[in-house]
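First comes the structure, then the notes that go with it.
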Amino acid sequence: MKTFTVYSGSTLVGHTELENGDPPMGVAFGRFIPVEAYRTIQKQCIENHADQSALNLTVQTPNNETIQCVGVGILDYSHEADEEFIEVNVLG
């Protein structure tokens, strides 16, 4: 499976395989695997699922090409689960 990188601005915050999706809807999503820098935006990803545009989130392909899309969101539900449960969504 391909691994994609997730950035907040120019800072690498994690990885994903975007293992799920709905091609007709133009949506891809998958488990988010954070790196240490994610901690700097984690609170915002936990508290605000509606508008994360201030985080300037982007996803890059394994070839380092930015995926052109309407938006990227990181949905962090770790505080509600007994384990780390974070998902990233890429919207067409």
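The values are calculated or read from the model by the stated rules, or taken from the named source; none is laboratory data. Note that the coordinates shown come from a computational prediction; the quantities given were computed from them, not determined experimentally. Note: ideal-geometry Cβ built from the backbone for every residue, glycine included; neighbour counts use all protein chains shown. Note: areas computed on protein heavy atoms with side chains; ligands, DNA, RNA excluded. Shrake-Rupley method; radii C 1.70, N 1.55, O 1.52, S 1.80 Å.
Can you tell me which residue is nearest to Val6 (Cα to Cα) among those in region 64-92 that are in a strand (DSSP E or B) and among the small types (Gly, Ala, Ser)? Steps first, please.
Narrowing region 64-92 to residues in a strand (DSSP E or B): 66, 71-76, 86-91.
Narrowing further to those that are among the small types (Gly, Ala, Ser): 71, 73.
Details: Gly71: 12, Gly73: 10 Å.
Among those that are in a strand (DSSP E or B) and among the small types (Gly, Ala, Ser), it is Gly73.
Go through region 1-31 and count every residue that is of a type in the set (Asp, Glu) and within 16 Å of Phe85 (Cβ to Cβ). Give the derivation first.
Filtering region 1-31 down to residues of a type in the set (Asp, Glu) leaves 17, 19, 22.
From the residues that got through so far, the ones that are within 16 Å of Phe85 (Cβ to Cβ) too are 17, 19.
Residues that pass the stated criteria total 2.
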Please go through region 7-18 and pick out each residue that is part of a strand (DSSP E or B) and crowded, with 17+ Cβ neighbours inside 10 Å. Tyr7, Ser8, Val13, Gly14, His15, Thr16
Which of (1) outside any strand (DSSP E or B); (2) closer than 16 Å to Gly92 by Cα; (3) open to solvent by 40 Å² or more (accessible area, probe 1.4 Å) is the odd one out, the single condition Gly21 does not satisfy? (1)
Taking region 28-63 only, how many residues are assigned to a loop (DSSP other than H, G, I, E, B), in contact (Cβ under 8 Å) with a residue 40 or more places away in the chain and either of a type outside the set (Val, Ile, Thr) or within 14 Å of Ser8 (Cα to Cα) (or both)? 2
State whether one or more residues within region 26-47 are open to solvent by 60 Å² or more (accessible area, probe 1.4 Å) and either among the small types (Gly, Ala, Ser) or touching a Ser or Thr at 6+ places or on another chain (Cβ under 6 Å) (or both). no
